[in-house]
Structure formats: structure tokens, C-alpha cells
Amino acid sequence: MDNKEEQIVNDIAAEGAAGEPPLIEADEESLHLPFPNARVVRIIRENMKREHQIKSDVKLAANKLLGEILADISQSMDAEDYFTISTEHFNKASRKYKEIALNQKRIRRIQKVLEKQRAELDEIVTEIELDMPADPATSQ
């Protein structure tokens, strides 16, 4: 067994020792997954502040999503006219995934501006309603 296979076996054993059932079909699943499942799980756990039990369907879905993202990036790079693909091509193809957080921040900022404007408009409407004399025909 080489180091990579040994690491996968150790990761699967560690998952079983952590209170989760060991993956019996680990070899079968790994043939159909784009990345070693243990590595995907390790990345998920490293980015969580609190301890969570992660169900196997979440692990598989995360693995498949990462594969789909990489497939999309690869197809974008394939559209390049150049024979040699460089980091510039990768960055260009992966830009939409890297900008998601930036776009979310922009959306939140726009929402706050719109909420502020709505509050100001509500104030103006209230002032106009207070300044207008009551129409006897509409108040009946």
C-alpha cells in the first residue's frame, strides 16, 4: 500500500473511531466520486468551528458539487484558444466562484441602502399626510 492509500484507510478508520459508522463501500464509492471522500470531509471539518456529525449524504453531495465546479471550470478553460493553459486561464474560468462572496456583500449593501430610502420615503409620506387637511367627503 502506498502513502496515499494508507492515508485514505487511516482517514476512514478515524471517521469510524469518531462515532460514525465506517464506510463499508468506500472503494465502490470512491470510484464514482471525483475526489477522495476523506479529504473532502477533512476540509469540511477544518472549516467548522463546532463539532458536528456529518451525514454520509452530505459528504457525497459536497464531493459531487466540487466535481461539478471543477468540470465547469475545466470546460471554460477548454474554450481558450491557447494550447497551454496557465494560471491566468484558471483564474478567469474560476472567477465566478471566487466572486460569490463579493456579490453577496454588494447585495447586502444595496439592501441596506434601499431599506434606508424606504424609511425616508415612509417619513415623507407620513409628513405629507399630517400636513394635508382632512377632506370631509373622504372622512365619512
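Quick notes on this structure:
- Whichever residue in segment 57-70 is loosely packed, with under 15 Cβ neighbours inside 10 Å and farther than 18 Å from Ser94 by Cα and, among such residues, is farthest from the chain's Cα centre (by Cα): Asp57
- For first residues located in segment 34-50 and of a type in the set (S, T, N, Q), partners that are modelled with pLDDT of 90 or more and surrounded by fewer than 18 Cβ atoms within 10 Å (Cβ to Cβ) and lie 6+ apart or on another chain with Cβ distances below 8 Å form the pairs Asn37/Leu60.
- A Cβ distance below 6 Å, combined with a sequence gap of six or more or placement on separate chains, defines the contacts here; from segment 79-97, residues that are over 21 Å from Leu66 (Cβ atoms) and in contact (Cβ under 8 Å) with a residue 40 or more places away in the chain reach no residue that is in a helix (DSSP H, G or I) and of a type in the set (Asp, Glu).
- Some residue of segment 88-109 being over 30 Å from Leu33 (Cα atoms), in a helix (DSSP H, G or I) and over 17 Å from the mean Cα position of the chain (by Cα): yes
The values are calculated or read from the model by the stated rules, or taken from the named source; none is laboratory data. The structure presented is a predicted model; accordingly, all values stated were derived computationally and were not measured. Counting neighbours? That spans all protein chains shown, and the Cβs are built from the backbone with ideal geometry, glycine included.
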